[in-house]
Amino acid sequence: MGERRVIEVEARGSVQVAFRVNGEEVEASFAPYKTLLEVLREDLVLTGTKHGCELGECGACAVLVDGVPVLSCLMLAIECGGRSIETVEGLARGSELHPLQAAFADLGGAQCGYCTPGILMTAKALLDAEPAPDRARIKEAISGNLCRCTGYLQICESIEEGARRMREDDTCGAGCAGAATANVRNGAGAGAGRERGGQP
């Protein structure tokens, strides 16, 4: 993919690694034994990714590396040279929440919120690959993400709703903007088209 790969061992025992984090080119210097989780939180101050079990069992630390969910507590940061990393901080578009984040907020998919970043990133990877997964596929995808609050029903419903909103975003585009302009010109009320609201 043409990313540059920089891993230089310095005299003091640290390494210099370049990678792309949430779309931005980053170079960081850190001890070679540090995990991706530690570098994200401690060196890059991206604290949305959570320390959980640090044994690869809870999924709270999940991030995307080249679009694939990985447990950042088990991956050495030095392995990520030249690769693309996505964390929960990269989901929103400025002040606008990602459709998954908005669905979780609307449907109660996040309660204490500690597990939510890992679930969001795992769900994003699923929906990027499969825009309309069924409930069984969603359960399979998030089977490695533990939640002690919700019982998973709200999480599954939130992912389904997020998927629906993402599909609408993909199919809407300029056509929706044109339709909205036409509705304003024709005097359509703000409530037009709300029949699709509610839970899936």
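The values are calculated or read from the model by the stated rules, or taken from the named source; none is laboratory data. Quantities reported herein were computed from a predicted structural model and do not represent experimental measurements. When we count neighbours, we look across all protein chains shown, and the Cβ atoms used for this are built from the backbone with ideal geometry, even at glycine.
A few comments on the model shown:
- A search for C-beta distances below 6 Å between a residue of segment 37-53 that is under 19 Å from Asn145 (Cα atoms) and any residue that is of a type in the set (Phe, Trp, Tyr), counting only pairs 6+ apart in sequence or on different chains, returns Lys50/Tyr114.
- Pick from segment 4-31, criterion assigned to a loop (DSSP other than H, G, I, E, B) and either outside the structural domain of Leu76 (by TED's automatic domain parsing) or at pLDDT below 95 (or both), ranking: nearest to Leu74 (Cα to Cα): Ser14
- If you go through segment 120-141 and pick out every residue that is of a type in the set (Val, Ile, Thr) and more than 13 Å from Val63 (Cα to Cα), you end up with 1.
- Here is the figure for segment 25-65: residues that are loosely packed, with under 15 Cβ neighbours inside 10 Å, touching a helix residue (DSSP H, G or I) at 6+ places or on another chain (Cβ under 9 Å) and within 15 Å of Gly90 (Cβ to Cβ) total 1.
- Positions within segment 71-88 being among the hydrophobic types (A, V, I, L, M, F, W, C) and either more than 18 Å from Gln16 (Cβ to Cβ) or without any contact (Cβ under 8 Å) to a residue 60 or more places away in the chain (or both), in sequence order: Leu71, Cys73, Leu74, Met75, Leu76, Val88
- Single residue of segment 25-63 satisfying the filter (within 15 Å of Arg83 (Cβ to Cβ) and charged (D, E, K, R)) that is nearest to the chain's Cα centre (by Cα): Glu25
- Matching residues in segment 140-156 - criterion: being assigned to a helix (DSSP H, G or I) and crowded, with 17+ Cβ neighbours inside 10 Å: Ala141, Gln154, Ile155, Cys156
- Condition met for Leu64 (in the same structural domain as Ala28 (by TED's automatic domain parsing), more than 19 Å from Glu24 (Cα to Cα) and touching a strand residue (DSSP E or B) at 6+ places or on another chain (Cβ under 9 Å)): no
- Of the residues making up segment 80-117, just one is surrounded by fewer than 16 Cβ atoms within 10 Å (Cβ to Cβ) and either of a type in the set (Ser, Thr, Tyr) or in contact with a Phe, Trp or Tyr (Cβ under 6 Å, 6 or more places away or on another chain) (or both), namely Ser95.
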